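I have placed the structure first, in the form of structure tokens, so that the comments after it can refer back to it.
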Amino acid sequence: MVFSSIGMDKKNALNENTILLFQDETHIRAYQSLHSTWSQSGMQRQIPTYGHHASVTLFGTVEAGTGEVVTTMTSSAKKEAFITFLQHLLEKYEGKFIIMVTDNAPIHKSQMVTDFAEEHVDSLMFVHLPPYSPNLNPIERLWKWLKQQVIANKFHPTKASIEESVKSFLKEIAQMPQAVLQRLGIH
């Protein structure tokens, strides 16, 4: 059996009702991230700043089979917000068995999350990646892509400006799930 080494029983064997999700959270901060860019000689590009750092936090998943990205925006990456995100996923994928690949962040292994997972053992299973291995989680490449598009060489005067730019990026990639899979190295 494909997942026998991680404790799946025959009842929850990989099938058409199983969803494989790569999960992580990210913070998009208005740090005026500067990246190399072309400019006319003697006319270096300058990005203004206010000196304050507005930020947006996203919980997200990418489905390995379809490239569908599901996110929720929140004010912080706390265990309560993660539980709310998990509830959203269980509603979205009702009737499916979710295998969620995630890192070892403390919120993913908190007692509250462990209790929640035990209550939903028939529909949710976590696979925790080894510590300090973000390169094993494809969604990390989505966050890099998002930050390149949303904050690199751009000025966001307000949190609302960051949120609008993030939503625009997510709307754009929702139209091209195959490109998402290719960008993340899944297909």
Suppose we take every Cα in region 113-187 and form the convex hull; what volume per residue is that in Å³?
162 Å³
If I histogram all Cα-Cα distances within region 51-127 using bins 5 Å wide from 0, what percent of pairs lands in each bin?
3, 14, 25, 27, 17, 8, 3, 2, 1, 0
Considering only the other residues whose Cβ falls under 12 Å of the Cβ of Leu181, what net charge follows from Lys and Arg at +1 and Asp and Glu at -1?
0
How far, in nm, would the chain grow between Asp122 and Ser110 when pulled straight, counting 0.36 nm per residue and subtracting the alpha carbon separation?
2.4 nm
For Gln175 paired with Gln148, estimate the spin-label separation in nm (one decimal), with each label point 7 Å from Cα along the Cα-to-Cβ line.
1.9 nm
What is the distance in Å between the Cα centroid of region 127-147 and that of region 165-186?
15 Å
Once fully extended, how much extra length lies between Ile83 and Thr158, figured as 0.36 nm per residue of separation less the alpha-carbon to alpha-carbon distance?
24.2 nm
Please list, in order, the residues from region 144-187 whose amide nitrogen is less than 17 Å from a point placed 7 Å along the Cα→Cβ vector of Asn135.
144, 184-186
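Coordinate-derived values only; no laboratory data. Every value quoted in this text rests on a predicted model; they were computed, and no experiment measured them. Because the Cβ atoms are built from the backbone with ideal geometry, glycine has one as well, and the counts that use them run over all protein chains shown.
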